[in-house]
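Everything on this sheet refers to the single structure shown next.
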Amino acid sequence: MQAWYAFLTGPALWATFIIFLGGLGLRLAFLYGLSRERDRVFYNHVDWKWGLKSILYWLIPWGSASMRLQPVFSFVFILFHVGLLAVPLFLSAHNILWDRAFGVSLWSMSDAWADGLTITVLACGVFLFVRRLVRPEVRILTTAWDYTLLGLTLTPFVTGFLAYHQWGPYEWLMMLHVLSAEILLILIPFTKLGHMVLFFFTRAFIGFEMGGRRGARAW
């Protein structure tokens, strides 16, 4: 068991980050090349002022019209993503791993905050799951893979929370926690989860098109 855990937090962790970063880089390069080939005229309308505005207004809570039209969903959506980013980056136990693997240590949140954000992420995940089931306009667009990705996204939070509080077999939970997190990182460049990076490019391009070309807001 210890040997497997050492492998997952050592060589496997390095391989995971190489695939994660390399995969994102390749996907961005592919999409850029595709856009240059099929819609080259688009680049005549690049305007970074409009692009940055488009990104900013979609990052500000309820900064866009579509967010204001769905205030409850937007609130859950914002909390979900804040927790998804904050817990992995700023959990004290993770910072020990960051320091050991990469020689980098970030600010660490308290365990109470980590618990609260973890519970928030899980509650928001349940909300998003139920929403996909009960809203016809969302259900019709949802596939089994979408539910799978949501489940994979929540698994590291469930296992990490249970392991920290020692509710269950600690060693097995930690193994599953690390393994599920690494699987998730590997999948990000090749699935819809890639929107964590592609969002910024998509919003910028929409800002170029709507603002730089048409003089209209895209939020």
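Tabulated data for the structure shown
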| read-out | value |
| --- | --- |
| Stretch gain in nm, segment residue 122-residue 21, where the contour uses 0.36 nm per residue and the Cα spacing is subtracted | 33.7 nm |
| Highest to lowest packing among 199-211, 126-138, scored as the average C-beta count within 10 Å | 199-211, 126-138 |
| ³J(HN,Hα), Karplus 6.51/-1.76/1.60, whole Hz, each residue of segment 165-180, x for Gly, Pro | 8, 6, 9, x, x, 4, 5, 5, 5, 5, 4, 5, 4, 5, 4, 5 |
| Estimated distance in nm for a label pair at residue 81 and residue 143, the labels positioned 7 Å out from Cα along Cα-to-Cβ | 2.3 |
| Estimated distance in nm for a label pair at residue 4 and residue 171, the labels positioned 7 Å out from Cα along Cα-to-Cβ | 1.0 |
| In order through segment 151-163: 3J(HN,Hα) via Karplus (6.51 cos²θ - 1.76 cosθ + 1.60), integer Hz, x for Gly, Pro | x, 5, 5, 7, 4, x, 6, 5, 5, x, 5, 5, 5 |
| Accessible area per residue in Å² at 1.4 Å probe, computed on the chain | 60 |
| Difference of contour (0.36 nm per residue) and Cα-Cα distance, residue 43 to residue 131 | 27.9 nm |
| Rounded percent of accessible protein surface that carbon and sulfur make up, segment 151-213, 1.4 Å probe | 76 |
| Span from the segment 116-145 Cα centroid across to the segment 78-95 one, whole angstrom | 19 |
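The values are calculated or read from the model by the stated rules, or taken from the named source; none is laboratory data. All values reported here derive from a predicted model rather than from experimental measurement. Using ideal geometry, Cβ is built from the backbone for each residue, glycine included, and neighbour counts are taken over all protein chains shown. Surface accessibility is based on the protein's heavy atoms, side chains included, excluding ligands, DNA and RNA. Shrake-Rupley method; radii C 1.70, N 1.55, O 1.52, S 1.80 Å.
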